[in-house]
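Coordinate-derived values only; no laboratory data. None of these values were measured; they are calculated from a predicted model. Positions of Cβ are generated from backbone atoms using ideal geometry, with glycine treated the same way; all protein chains shown enter the neighbour counts.
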Amino acid sequence: MNALLHGDAAADAAAEDAPLLRLSGVNAGYGDVKVLRDVDLEVARGEIVTLLGPNGAGKTTLLLACSGFVNVTSGDIAFHGQSLIGTVPHAIARRGVAHIPEDRSLWPTLTVDEHLRLTAKPGALDVYDLFPEIARMRHKRAGLMSGGEQQMLAMARALVSNPEILLVDEMSMGLAPVIVERLFGTLEEIAASQGIGVLLVEQHVHLALRHATRGYVLAGGRIRTSGTAAELNARWSEVRASYLGTS
Ligand SMILES: Nc1ncnc2c1ncn2[C@@H]1O[C@H](COP(=O)(O)OP(=O)(O)OP(=O)(O)O)[C@@H](O)[C@H]1O
Ligand SMILES: [Mg+2]
């Protein structure tokens, strides 16, 4: 640390050096049920990081812990170097952490426009430009949209809140491959052009590793290995046999 920096300037400099999101030694779970154990993980600006692992590994729990819905019993989750522990979910969202849950959490009777108006902040990205498919149905109710259109709306709703990081749970679930590719393409585009960090839970390992910069493998609540997407791809059969029990 530069000795000339002190007070707010030092704190600002530290926040600038810190990764966007850093989990260190995180233990978390539901009441007596311990799920995450000593989890260390980082996401930098503009980076797509994938979190892989078998069913029940704790992937959703990890995302929920980052957005304040799951109790962290020890360790820290820091955003721009500042701890999020003890911060309520809506305040975490306001700080720039947007969560797109697996079930998308849309309101079936609200229209596309109404969903976006609920979370839009001044200066938000033009999501209708990003997703012309849903621009054409801005007065349609979410409950009447296809799965792919709903996923676009869920992503658009997250993006209009001007997030710095997107936590995305199982985006590809139940969608046609062509839609999935299109959504991953959009994530890559916004990560590169806006510097948004993405932490992405995905069951389709090779799909995720094709679009991510780096990845972590979680099994039994612990990070078992991590690396660049290229490294994990090259080691995948060994990783799968060692940690996922599906040799
Ligand atoms: N609300 C809850 N209360 C108690 N235990 C829970 C709760 N939600 C999840 N769990 C348990 O926590 C563990 C991790 O679940 P989690 O949903 O985080 O896994 P996951 O890796 O997302 O799995 P999947 O790939 O099936 O989505 C599981 O053993 C699960 O049964
Ligand atoms: Mg899950």
Excluding residues fewer than 8 positions from LYS34 in its own chain, the lysines with Cα under 18 Å of it are LYS59
Applying the gyration tensor rule to the Cα atoms of segment 119-198 (axes a ≥ b ≥ c; rounded if a/c under 1.5, else prolate if a/b exceeds b/c, else oblate), the class is oblate
Ignoring trypsin sites (Lys or Arg not before Pro) buried by more than 15 other Cβ within 10 Å or outside DSSP loops, the longest site-free run in the chain is 141-234
Among VAL239, VAL205, SER105, the residue whose Cα sits farthest towards the positive end of the charge dipole of the chain (+1 at Cβ of Lys and Arg, -1 at Cβ of Asp and Glu, taken about the Cα centre) is SER105
Largest fluctuation, ASP38, ASP76, ASP129 only, Gaussian network model of the chain with Cα springs under 10 angstrom, belongs to ASP129
Summing -39500 (n - 2.57) over every DSSP H run of at least 4 in the chain, dividing by its residue total and rounding to the nearest 500, the 222 nm mean residue ellipticity is -9500 deg cm²/dmol
Taking a ≥ b ≥ c as the square roots of the eigenvalues of the Cα gyration tensor, with a/c under 1.5 meaning rounded and otherwise prolate when a/b exceeds b/c and oblate if not, segment 146-247 is prolate
Most fluctuating of ALA135, ALA44, ALA28 in the GNM of the chain (C-alpha, under 10 Å) is ALA135
Surrounding charge for LEU209, neighbours by C-beta under 10 angstrom, Lys/Arg +1, Asp/Glu -1, total 0
Rounded to the nearest whole number, the Stokes-Einstein translational diffusion coefficient of segment 18-244 at 37 °C and 0.692 mPa s (Kirkwood radius, C-alpha pairs) in µm²/s is 185
Everything considered on the Cα gyration tensor (a ≥ b ≥ c; rounded for a/c under 1.5, else prolate if a/b is larger than b/c, else oblate), segment 65-112 must be described as prolate
With +1 at each Lys and Arg Cβ and -1 at each Asp and Glu Cβ, the charge dipole magnitude of segment 18-244 around its Cα centre, to the nearest 20 debye, comes out at 220
Among beta bridges assigned by DSSP with both residues in the chain, the antiparallel ones amount in percent, to the nearest 5, to 60
Check: C-alpha center segment 26-61 vs C-alpha center segment 103-127, spacing in Å is 27
